[in-house]
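The values are calculated or read from the model by the stated rules, or taken from the named source; none is laboratory data. Just so it is clear, the structure is predicted and the values come from calculations on it, not from any experiment. Cβ placement follows ideal geometry from the backbone for every residue including glycine, while neighbour counts extend to all protein chains displayed. SASA here: full protein model, heavy atoms, side chains in, ligands and nucleic acids out. Shrake-Rupley method; radii C 1.70, N 1.55, O 1.52, S 1.80 Å.
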Amino acid sequence: MSESPVERLIKTNPDMEIWWDSSPLVFNQWANKMVNAAEPSRQAILKDQLSRLYNMDHPAESLFRGCTTNPPLSWAVVQNDPKYWAEWVAQQNQTHPELNQKQLAWLT
């Protein structure tokens, strides 16, 4: 296992919290872009390192201890895959017909 810079940083202060400054919904796509942009000889190491930053199936095992996002970052997630979000919103609208547009937007 090759330690990432984030893992080495955390060793300097184990109580430190590293946060992902975006929606967790874009992490896998971002990580894949990073791996694909890396030199082929570094791709496996980088993929392994990035997989330890955020584990969607088991967040408590992640190096990231939290995430933060804001409206522009949330909007970027929607713009990144508009077909998925249009289908998701339509499904939520069917599942929760009692929600008004504002409530549906907050849910999204």
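Of the numbered criteria (1) in contact with a Phe, Trp or Tyr (Cβ under 6 Å, 6 or more places away or on another chain); (2) of a type outside the set (Asp, Glu); (3) loosely packed, with under 12 Cβ neighbours inside 10 Å, the one Ala86 fails is (1).
Taking residues in segment 7-35 that are at pLDDT 90 or above and of a type in the set (Asp, Glu), and partners anywhere that are open to solvent by less than 80 Å² (accessible area, probe 1.4 Å) and not in a helix (DSSP H, G or I), the pairs with Cβ atoms closer than 8 Å and at least 6 places apart or on different chains are Glu7/Leu63; Glu17/Gly66. If you go through segment 19-42 and keep only what is in contact with a Ser or Thr (Cβ under 9 Å, 6 or more places away or on another chain) and outside any helix (DSSP H, G or I), you end up with Trp19, Trp20, Asp21, Ser22, Ser23. Inside segment 78-108, can you point out the residues that are under 23 Å from Asn28 (Cα atoms) and either assigned to a loop (DSSP other than H, G, I, E, B) or in contact with a Pro (Cβ under 8 Å, 6 or more places away or on another chain) (or both)? Answer for segment 78-108, where residues must be under 23 Å from Asn28 (Cα atoms) and either assigned to a loop (DSSP other than H, G, I, E, B) or in contact with a Pro (Cβ under 8 Å, 6 or more places away or on another chain) (or both): Asp81, Thr108.
Within segment 57-77, being over 13 Å from the mean Cα position of the chain (by Cα), farther than 24 Å from Leu9 by Cα and assigned to a helix (DSSP H, G or I) holds for Pro71, Pro72, Trp75. Quick check on Ser4: is it surrounded by 11 or more Cβ atoms within 10 Å (Cβ to Cβ), of a type in the set (Ser, Thr, Tyr) and free of Cβ contacts under 8 Å to residues at least 40 places away in the same chain? In short, no.
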